[in-house]
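J.: I am attaching a structure below and will ask some questions about it afterwards.
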Amino acid sequence: MRTSEPRLQRKLRAWLLGPLLILLMLDAMAAYWTSQRLANLAYDRALHEIAREIVLHVRRDGARLRLDLSQPAADILLTDAQDRLFYRVDAGDGTVLGGDTALPLGRRVAPGGEPLFSQETVHDQPVRMIVARMRVDNAPGAPLVQVQVAETLNKRNRLALEMVANVVLPQLLLIVMATALVWFGVSRGLEPLQRLRRAVSDRSHLDLSPIDTHDVPGEVRPLVDEVNELMARLGRTFDFQNRFVADAAHQLKTPVSGLKAQIELALRENDPERVRHSLAQLYISADRLSRLVRQLLSLARNEPGALETVQLQPLDLNAFALEVSMDWVPNAIKRNIDLGFEGVEQPLTIDADRDRLREMINNLIDNAIRYSHEGGRVTVRTGHTPEGQCKLAISDDGRSIPVAERARIFERFHRLLGTQEDGSGLGLAIVSEIARLHGASITLEEDVDGVGNTFTVVFRPAAGAGPVRDNPVSESADQPL
Ligand SMILES: Nc1ncnc2c1ncn2[C@@H]1O[C@H](COP(=O)(O)OP(=O)(O)O)[C@@H](O)[C@H]1O
Ligand SMILES: [Mg+2]
């Protein structure tokens, strides 16, 4: 991040100063044009005067005309402190009466009418030239002469520049002052943002406490609130992770120590038969440990931050639950358990992540088979709730979980006292995380007849799934697996 000047500040300044400077330039151009017009207006009159004076020196010699302008007279008329002047007088018949023929012959103007002014070049110098036609002696009917007087542009330019300077300089000053004010104002206005930036960049990466919103400008307040909200969420995730790591380490410690002890014992054995027995025991322990590690990984995968990795796709809960249940048949047979499936006929489409849903059903069926008695019944059911939601229920007819324990068994590492079977206490925590990732709810109710447990997961039907009709479970749907 650049520290010297935030982009917003530069942008503001550019937007304020850029247009101001362009306006100043346009204004200076207009001022220059006006000044030049005014300067011409002032000095053109003097040129006209000189032209009149020169005509007064034209004499009539019978029919011939002659210019009688002595050098001293010419000097008086045509000498100027700043500019050079040129003149030329032509008779009506085109004969040059006097002056400088380097002056280009101007257009003919009406006798006595308004003189013409134009920009010309004489002896490589830009000049302003007047062309006028006047009668000799100013007498009516007298012959006409064309008088031209030209003047270099020094004093006109100087006057124009002076006038421009008078107009533009104060404006320039104004702009400089405005610039300074804008600069100052923008810096002051953005000061709270700078402070905010420092407050964030100075803090430790472990400090997730909310940013102080006191003194934060209203415009960025929602942003800061969002950031604070994000930090709070991050904080919760961190807490969760820390707790998880601590729990996991604690849970792994005992089986690993057990394993070590078993190995030490086995090392002391000499009888090959007993060594074999120890190894078999070790294998069982290692297997248990590996299951615990798998469950821990699964819990980590499904923790609150996992929402982004969930890939929900439309899936038929009915068919899927049947498919997963089938995998459990060998296990059920081993324990002499009657595993049944009751579904509905039409598909129950929900949005689900296949792998996670499988894991959820596996955990629930595993519990049902593991914790109910030999020769019991386990039933997997799918269907609609009265509200039209999609339902998955796994029931067993084993010992009922006491009411006081029904919420706690979903906590990680919580197991019922006296549970003989192997386990980590993570299965139901994983199940409830997966339910949460699917926006589904999970409940454990007492069975109607007072024995056994039914875990029910209720899903929203997939968006765009057909209308929900209650379909009574048909006979053929109740099938032993
Ligand atoms: N269907 C069930 N019948 C009786 N007890 C159950 C059932 N499901 C879960 N439990 C109890 O809840 C505890 C937590 O289950 P779970 O989270 O899956 O962990 P684990 O199976 O690894 O012990 C189990 O140890 C068991 O005591
Ligand atoms: Mg379990």
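No value in this document is a laboratory result; all are computed from the given coordinates. Note that the structure is a prediction, hence the values are computed from the model and not measured. In this analysis, Cβ positions are derived from the backbone assuming ideal geometry, glycine residues included, and neighbour counts consider all displayed protein chains.
J.: Which of MET163, MET360, MET326 has the fewest other C-beta atoms within 10 Å, and how do the rest follow up to the most?
T.: Details: MET163 17, MET360 29, MET326 12.
Ordered by Cβ neighbours within 10 Å, fewest first: MET326, MET163, MET360.
J.: Moving to a separate point now. Just subtract the alpha-carbon distance of ALA199 and ARG294 from 0.36 nm times their residue separation and send over the number in nm, one decimal.
T.: Details: separation 95, 0.36 × 95 = 34.20 nm, distance 4.24 nm.
Answer, rounded to one decimal: 30.0 nm.
J.: Then there is this: By how many nm would the segment from ARG52 to TYR32 lengthen if fully extended, with 0.36 nm per residue of separation less the alpha-carbon distance?
T.: So the extension gain works out to 4.2 nm.
J.: I would also like to ask the following. Can you tell me the relative contact order of the chain? Whole percent, Cα pairs under 8 Å, sequence separation 6 or more.
T.: 11
J.: Using Cβ contacts closer than 10 Å as the measure, can you line up ILE409, ILE76 from fewest to most?
T.: ILE76, ILE409
J.: Normalise the Debye intensity by I(0) for the stretch 73-161, one equal point scatterer per Cα, no solvent, then take log10 at q = 0.13, 0.16, 0.23, 0.25 Å⁻¹ and round to two decimals.
T.: Per q value, in the given order, log10 I(q)/I(0) is -0.45, -0.67, -1.19, -1.31.
J.: Moving to a separate point now. Excluding LYS334 itself, calculate the net charge of residues whose Cβ lies under 14 Å from the Cβ of LYS334, where each Lys or Arg counts +1 and each Asp or Glu counts -1. Kindly include the intermediate steps, with their values, before the conclusion.
T.: Numbers: positive: ARG335, ARG370; negative: ASP327, ASP338, ASP366, GLU374, GLU421.
Neighbour charge sum, excluding LYS334 itself: -3.
J.: Determine, from the Cβ-Cβ distance of GLU191 and HIS250 and an R0 of 45 Å, the FRET efficiency 1/(1 + (r/R0)^6), rounded to the nearest 0.05.
T.: Taking R0 as 45 Å, the efficiency between GLU191 and HIS250 is 0.35.
J.: Mean projection of the alpha-carbon convex hull of the stretch 7-161 over all orientations, in nm²?
T.: Value for the stretch 7-161: 12.1 nm².
J.: Just want the ordering: PHE455, PHE184, PHE413, from fewest to most Cβ atoms lying within 10 Å of their own Cβ.
T.: Details: PHE455 24, PHE184 10, PHE413 14.
Exposure proxy ranking, most exposed first: PHE184, PHE413, PHE455.
J.: Between LEU161 and PHE117, what length comes free when the chain is fully extended (0.36 nm per residue of separation minus the Cα-Cα distance, one decimal in nm)?
T.: Answer, rounded to one decimal: 13.7 nm.
J.: Now, a different point. Under Stokes-Einstein, with the Kirkwood radius over Cα pairs standing in for Rh, what whole-number D in µm²/s applies to the stretch 116-247 at 37 °C and 0.692 mPa s?
T.: Answer, rounded: 141 µm²/s.
J.: Which values, in whole Å and largest first, are the semi-axes of the equivalent ellipsoid of the stretch 221-301 obtained as the square root of 5 times each eigenvalue of the Cα gyration tensor?
T.: Equivalent ellipsoid of the stretch 221-301: 46, 11, 5 Å, largest first.
J.: Also, I was wondering about something else. Can you give me the distance in nm between label points at TRP15 and ASP422, each placed 7 Å from the Cα along the Cα-to-Cβ direction?
T.: According to this spin-label approximation, the distance is 6.8 nm.
J.: In addition: Among the helices of the chain (complete DSSP H runs), which have Cα atoms covering no less than 27 Å along the helix axis and a Kyte-Doolittle mean of at least -1.0? Walk me through the numbers on the way to the answer.
T.: Numbers: long enough: 7-56 (73 Å, 0.38); 154-201 (64 Å, 0.52); 221-268 (70 Å, -0.19); 272-301 (43 Å, -0.18).
Span-like helices in the chain: 7-56, 154-201, 221-268, 272-301.
J.: With each label point set 7 Å from Cα along the Cα-Cβ vector, what nm distance links MET25 and SER441?
T.: 6.9
J.: Around LEU437, under 14 Å between beta carbons, what's the net of Lys plus Arg minus Asp minus Glu among the other residues?
T.: Values: positive: ARG301, ARG354, ARG356, ARG358, ARG436, ARG460; negative: GLU303, GLU308, ASP351, ASP353, ASP355, GLU359, GLU433.
With Lys, Arg at +1 and Asp, Glu at -1, the neighbours total -1.
J.: Looking only at the chain, where both bridge partners belong to it, what percent of the DSSP beta bridges are antiparallel (to the nearest 5)?
T.: Approximately 90 percent, going by the DSSP bridge assignments.
J.: Hey, another quick one. How long are the semi-axes of the equivalent ellipsoid of the stretch 356-414, defined as square roots of 5 times the Cα gyration tensor eigenvalues? Whole Å, largest first. Walk me through the intermediate numbers first.
T.: Values: eigenvalues 82, 50, 35 Å².
Result for the stretch 356-414: semi-axes of 20, 16, 13 Å.
J.: How many times 2.2 N^0.38 Å is the alpha carbon radius of gyration of the stretch 310-480?
T.: Normalised Cα radius of gyration, the stretch 310-480: 0.99.
J.: Given Cα positions, please report Rg to Rh for the chain, the hydrodynamic radius being the Kirkwood one.
T.: We get a ratio of 1.56 for the chain.
J.: By per-residue mean of other Cβ atoms within 10 Å, what is the highest-first order of 311-319, 219-227?
T.: Final packing ranking: 311-319, 219-227.
J.: Which log10 I(q)/I(0) values, to two decimals, does the stretch 244-397 give at q = 0.10, 0.11, 0.12 Å⁻¹ under the Debye formula with one point per Cα?
T.: -0.54, -0.63, -0.72
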